[in-house]
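Here the structure is laid out as structure tokens; the discussion comes afterwards.
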């Protein structure tokens, strides 16, 4: 049961966006730009960053919904997502992606935790300014989204099939605010 009176049966941030559409719309627009807009990072990599940060924040809803989207985007390599959640350092991702996820993990703790040496390592593995920027902004945004969803105790389904459907919807339609 959510802490506030949101639409019954509408999970996660969707219910919160319906409660307050004037704030939900720009949040959805930000997610669309960050996760589906132009970027040197693939859509799968950006969803993976969102998933990783949500997992570190123990946000069950965001972890599972974005993991489902990332799995869809990774296709035949969908096990990559679970590998990162199990042990990022030994996951089947590039050293550049590990360096970016490391930065995302530091942002999840506190932005000032990102040090020059973290950026140097990411650059040494081929990350450019835009990839570093997008990683930090996705990590910061999802830390906020996680706190928003959990802080208001929004509906969090437990059925894995519900998240598979969410993931497919996010991949096919992008981040479109729900309609009341």
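No value in this document is a laboratory result; all are computed from the given coordinates. Since the model is a prediction, treat every value here as computed from it, not as a measurement. No Cβ is skipped: glycine too gets one built from the backbone with ideal geometry, and neighbour counts run over all protein chains shown.
Here the gap between residue 87 and residue 117, fully extended at 0.36 nm per residue and compared with their Cα-Cα distance, gives a gain of 8.6 nm. With both labels modelled 7 Å from their Cα along Cα-to-Cβ, the residue 7 to residue 23 distance reads 1.8 nm.
Does anyone have the angle between helix 160-173 and the longest principal axis of the chain? Alpha-carbon axes, 0 to 90°, nearest 10? Approximately 80 degrees, to the nearest ten.
For residue 125 and residue 33, the FRET efficiency from 1/(1 + (r/R0)^6), where r spans their Cβ atoms and R0 equals 35 Å, is about 0.90. Between residue 153 and residue 77, the distance separating the two model label sites (each 7 Å from Cα on the Cα→Cβ line) works out to 4.2 nm.
Entry note, segment 1-65: relative contact order of 19 percent, from Cα contacts under 8 Å with a spacing of 6+ residues. Relative to the dominant Cα principal axis of the chain, helix 95-109 is inclined by about 50°.
Relative contact order for the chain: 36 percent, from Cα pairs under 8 Å spaced at least 6 residues apart, divided by residue count. To the nearest ten degrees, helix 43-56 and the longest principal axis of the Cα atoms of the chain are 80 degrees apart. Placing pseudo-labels 7 Å out from each Cα toward the beta carbon at residue 94 and residue 169 gives an inter-label distance of 3.3 nm. Taking the helices alone, the chain has a mean residue ellipticity at 222 nm of -22000 deg cm²/dmol, built from -39,500 (n - 2.57) per DSSP H run of at least 4 residues and averaged over all its residues.
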